[in-house]
1. Pick out the one residue from Phe281, Phe211 that is among the aromatic types (Phe, Trp, Tyr) and modelled with pLDDT under 95.
2. Kindly provide the set of residues from region 71-88 that are on the phi < 0 side of the Ramachandran plot and out of contact with any strand residue (DSSP E or B) (no Cβ under 8 Å at 6 or more places or on another chain), ordered by number.
3. Test of understanding: among Glu254, Glu247, Glu216, which residue is of a type in the set (Asp, Glu), farther than 30 Å from Glu473 by Cα and touching a Lys or Arg at 6+ places or on another chain (Cβ under 9 Å)?
4. Give me the residue from region 81-95 that is of a type in the set (Ser, Thr, Tyr) and surrounded by fewer than 21 Cβ atoms within 10 Å (Cβ to Cβ) and, out of that set, nearest to Leu355 (Cα to Cα).
5. Among what's in region 312-332 and is in contact (Cβ under 8 Å) with a residue 24 or more places away in the chain and in a loop (DSSP other than H, G, I, E, B), pick the residue that is surrounded by the fewest Cβ atoms within 10 Å (Cβ to Cβ).
6. Could you say which residue among Gln306, Gln336 is of a type outside the set (Lys, Arg), part of a helix (DSSP H, G or I) and either at negative phi or touching a Gly at 6+ places or on another chain (Cβ under 7 Å) (or both)?
7. Being in contact with a Gly (Cβ under 7 Å, 6 or more places away or on another chain) and closer than 22 Å to Thr207 by Cα is the filter here, so list the residues in region 403-443 that pass it.
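The values are calculated or read from the model by the stated rules, or taken from the named source; none is laboratory data. Please read these numbers as outputs of a predicted model, since none were measured by experiment. So basically every Cβ, Gly included, is an ideal-geometry build from the backbone, and we count neighbours across all protein chains shown.
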Amino acid sequence: MTREDKALSPFNEHIAALRSILSDEGVQVGADAAAYEEGARFDRGVAAFVLRPTSTAEVSAAVSYCVRNEIPIVPQAGNTGVVSGSTPDASGTQAVLSLDRLSRNLRLDIDNRSVRADAGILLSDLNAALEPDGLFFPIDLGANPRLGGMLSTNAGGARFLRYGDVRRNVLGITVVLADPEGSIVTLGSSLRKNNTGVDWKQLFIGTSGAFGIITECVLNAERIPRQNAAALLVPSTPSAILPLLREIEGRVGEYLSTFEAMSGNAIRLTLQSIPRLKNPFVGGQVPNYVLLVELTRTWEPRDGEQSLDKVLETALAEIWDTQPDLLADALFGPSQQLWMLRHSIPEGLKQSGRLVSCDLAFQRGDVMKFCDTVTTELPIRFPGVIMCDFGHVGDGGVHLSLVAPHGSEAALNPDLEGNLRSWIYEKAVNDFGGSYSGEHGIGRKNQAYYDKFTPERLKSWARAMKAVTSPSELGVPRLG
């Protein structure tokens with residue numbers, strides 16, 4: 001369906017009706033809808049129209065209308081995902097329901113250390129509102145998503161090791177179901193303990209909007225770290241990374257908030273693509289692997305207390321003395337500066353060529369074994385493709401980014417992405433018992449793999465849940 005076809009579209013009657021429910025600004029079409037039709041990884045579709053409600057009641061009314069008129073809905077939060085889970089397909093028959101105007105309400109309960117917020121609020125805006133009271137929402141992401149998207153995909157982030165994922169930090173949600181009534185359901189509350197039956201809110205967290213649209217949430221807030229220390233560590237070999245993690249955990253305990261790995265290829269391409277970044281390595285020689293380690297405390301420094309810089313230095317010195325074969329080098333520096341390198345990698349790789357990003361998870365001890373296997377086999381199976389792995393080794397996660405340089409034969413191969421994903425996912429799931437989607441959910445890019453790897457019994461359960469909660473077409477993944 002082209003934009004020109006829309007002028008004669010049967011949706012015009014629905015657009016007029018929905019504008020009477022949401023206002024003219026609440027329904028976008030044509031050029032005004034374009035920003036909602038393209039995702040963060042350039043996936044693009046065509047929306048019949050875009051709905052922009054401002055309240056749970058408006059979401060309910062819009063969903064009810066679409067369900068009664070058999071119009072499929074694609075919920076969209078910040079549209080920062082990478083698996084085509086928040087954009088419409090090319091049919092021009094799906095309505096995008098954006099949460100971008102559902103961002104008016106935010107109420108902090110400082111005694112309960114919780115915050116009630118609309119699902120359309122940006123992560124950065126939430127943290128800006130919490131900062132004056134010394135609090136933050138402890139999910140650290142390179143992107144700036146909206147809360148509804150974070151909950152629907154169960155985002156993890158770079159400080160998972162310390163704070164866990166979104167699921168661990170949600171107390172309650174309000175959901176609109178895709179049924180003829182647009183039913184509004186409140187699940188959970190501000191209570192931190194309530195063991196009175198099934199925790200129904202978890203059904204909607206991490207399921208990509210298939211069972212309902214989250215419109216409001218009650219979140220746990222944590223104290224902002226007031227002290228930190230960070231370093232870039234160079235392991236002697238990739239096989240030393242997990243032993244290093246165990247040694248550091250044993251020496252610094254709960255102070256450890258981050259243990260991130262970055263391959264040399266990922267760093268080199270990022271430095272080439274983003275000239276403003278400073279190369280921190282001696283002589284500009286990037287090691288094969290680099291670890292970003294960070295320690296944090298939530299209180300102000302006390303007189304006589306050993307600083308975190310000293311805690312980290314002492315721990316590393318002990319490792320050098322007792323396990324000299326694990327650590328080749330350590331570079332200390334301001335935490336913000338070291339994080340800049342890590343957070344720049346996704347953008348740097350995107351600029352480096354045709355990018356195929358796989359979000360994988362393993363048992364911690366299998367991460368580097370998997371990466372070693374792919375490093376060996378990739379040049380044989382896919383010549384010219386560069387492996388650029390990075391991510392959350394401390395929790396078993398790895399972003400396996402595969403780059404075909406601009407203009408290369410591999411980059412021009414229309415089947416490259418499908419062939420790469422199939423090979424990587426088969427190896428991750430079948431050979432290593434891993435997950436093909438550690439953080440980013442299903443979406444159109446991963447639908448075929450959900451269908452392939454999910455046991456039939458679990459799919460039948462999902463179909464049953466879908467029939468109970470949101471029987472009409474909602475969201476991109478088909479969990480049944």
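1. Sole residue among the options that is among the aromatic types (Phe, Trp, Tyr) and modelled with pLDDT under 95: Phe281.
2. From region 71-88, those on the phi < 0 side of the Ramachandran plot are 71-78, 80-83, 85-88; that's our starting set.
Once the filter is applied, which keeps residues that are on the phi < 0 side of the Ramachandran plot and out of contact with any strand residue (DSSP E or B) (no Cβ under 8 Å at 6 or more places or on another chain), region 71-88 yields Thr80, Gly81, Gly85.
3. Details: Glu247 fails: touching a Lys or Arg at 6+ places or on another chain (Cβ under 9 Å); Glu216 fails: farther than 30 Å from Glu473 by Cα.
The conditions single out Glu254.
4. Restricting to residues being of a type in the set (Ser, Thr, Tyr) and surrounded by fewer than 21 Cβ atoms within 10 Å (Cβ to Cβ), the top hit is Ser91.
5. Only one residue tops the list, namely Asp325.
6. On the way: Gln306 fails: part of a helix (DSSP H, G or I).
Of Gln306, Gln336, the one residue that is of a type outside the set (Lys, Arg), part of a helix (DSSP H, G or I) and either at negative phi or touching a Gly at 6+ places or on another chain (Cβ under 7 Å) (or both) is Gln336.
7. To start, the set of residues in region 403-443 that are in contact with a Gly (Cβ under 7 Å, 6 or more places away or on another chain) comprises 403-406, 408-411, 428, 438-443.
Selection gives Ala428, Gly438, Glu439, His440, Gly441, Ile442, Gly443.
Listed here are the residues, each with its yes/no results for (1) part of a strand (DSSP E or B); (2) of a type in the set (Gly, Ala, Ser).
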| residue | (1), (2) |
| --- | --- |
| Cys388 | yes, no |
| Glu409 | no, no |
| Ser422 | no, yes |
| Gln447 | no, no |
| Leu479 | no, no |
